[in-house]
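Novice: My structure is below; once you've seen it, I'll send some questions.
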Amino acid sequence: MARKMIDLLETVLQGLAGVCLALVFVLVTAQVLGRFVFNISLATASELSIYAMIWAIFLGATVAFRSKKHIAMSFFKDKAGEQAGRVISIFVVACLALFLGIIALKGYDLTLRAMRQMSPAAGMPVGYVTMAMPICSALALIFLLEELVDQFRKS
């Protein structure tokens, strides 16, 4: 049951990342057409494309976190024996959990402060952009917890 929920969460995150990337494509295309065909500047499109790209990156990194497609340095783990490799893996997961927890908490504080700041072109609170940091860090923590449970089941 929990695995299905996490699989669904991953699918939703993949879809949202795809939507953000499609939005970047549409906004940048509109900006280029506006500038070179119609000789008008679309500052809002430029700003929103940057914001959509930020969300796409955070969402994509969260999905990569679960599927273990991010960069991994496994030199020490590979050189260690099987039991020591598990200990190293658990230590790495604990360090990542600490890091993601800090990012989630500090990102939340940043988001609250950024809600009072308005973006220049779109006129929306910048907090909606910085919100990607704590949300995606918390989601990555869920995926990390799943990894930790799998590590202990293998032991």
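The values are calculated or read from the model by the stated rules, or taken from the named source; none is laboratory data. Note that the structure is predicted; figures quoted are calculated from it, not measured. Methodologically, a virtual Cβ is constructed for each residue, glycine included, from the backbone with ideal geometry; neighbour enumeration extends over all protein chains shown. Ligands, DNA and RNA are stripped out before the accessible areas are found, and what is left, the full protein with its side chains, is counted by its heavy atoms. Shrake-Rupley method; radii C 1.70, N 1.55, O 1.52, S 1.80 Å.
Novice: So, of the residues in segment 100-120 that are surrounded by 14 or more Cβ atoms within 10 Å (Cβ to Cβ) and either without any contact (Cβ under 8 Å) to a residue 12 or more places away in the chain or not in a helix (DSSP H, G or I) (or both), which turns out to be farthest from the chain's Cα centre (by Cα)?
Specialist: Residues of segment 100-120 surrounded by 14 or more Cβ atoms within 10 Å (Cβ to Cβ): 100-101, 103-104, 107-108, 110-111, 114-115, 119.
When the remaining residues are screened for being either without any contact (Cβ under 8 Å) to a residue 12 or more places away in the chain or not in a helix (DSSP H, G or I) (or both), the result is 115, 119.
Details: Met115: 20, Ser119: 21 Å.
If we take residues in segment 100-120 being surrounded by 14 or more Cβ atoms within 10 Å (Cβ to Cβ) and either without any contact (Cβ under 8 Å) to a residue 12 or more places away in the chain or not in a helix (DSSP H, G or I) (or both), then Ser119 is farthest from the chain's Cα centre (by Cα).
Novice: Just checking, how many residues over segment 45-62 are open to solvent by 60 Å² or more (accessible area, probe 1.4 Å), in contact (Cβ under 8 Å) with a residue 24 or more places away in the chain and closer than 18 Å to Ala122 by Cβ?
Specialist: 1
Novice: Quick check on my filter: what residues within segment 131-155 are part of a helix (DSSP H, G or I) and over 20 Å from Val12 (Cα atoms)? I'd like the intermediate steps shown before the answer.
Specialist: Of all residues in segment 131-155, those part of a helix (DSSP H, G or I) come to 132-154.
Selection gives Leu148, Val149, Asp150, Gln151, Phe152, Arg153, Lys154.
Novice: If Phe25 satisfies every condition in (1) crowded, with 17+ Cβ neighbours inside 10 Å; (2) at pLDDT 90 or above but one, which is the exception?
Specialist: Status for Phe25: all satisfied but (1).
Novice: Could you give me the residue pairs with C-beta distances under 7 Å whose first residue belongs to segment 1-29 and is closer than 11 Å to Leu59 by Cα, whose second residue is open to solvent by less than 90 Å² (accessible area, probe 1.4 Å) and of a type in the set (D, E, K, R) wherever it lies, and which are 6+ apart or on separate chains?
Specialist: Glu10/Arg66
Novice: Let me ask another. Could you list, in sequence order, all residues of segment 128-155 that are of a type outside the set (Ser, Thr, Tyr), at pLDDT below 90 and open to solvent by 70 Å² or more (accessible area, probe 1.4 Å)?
Specialist: Hits for segment 128-155 are Leu145, Phe152, Arg153, Lys154.
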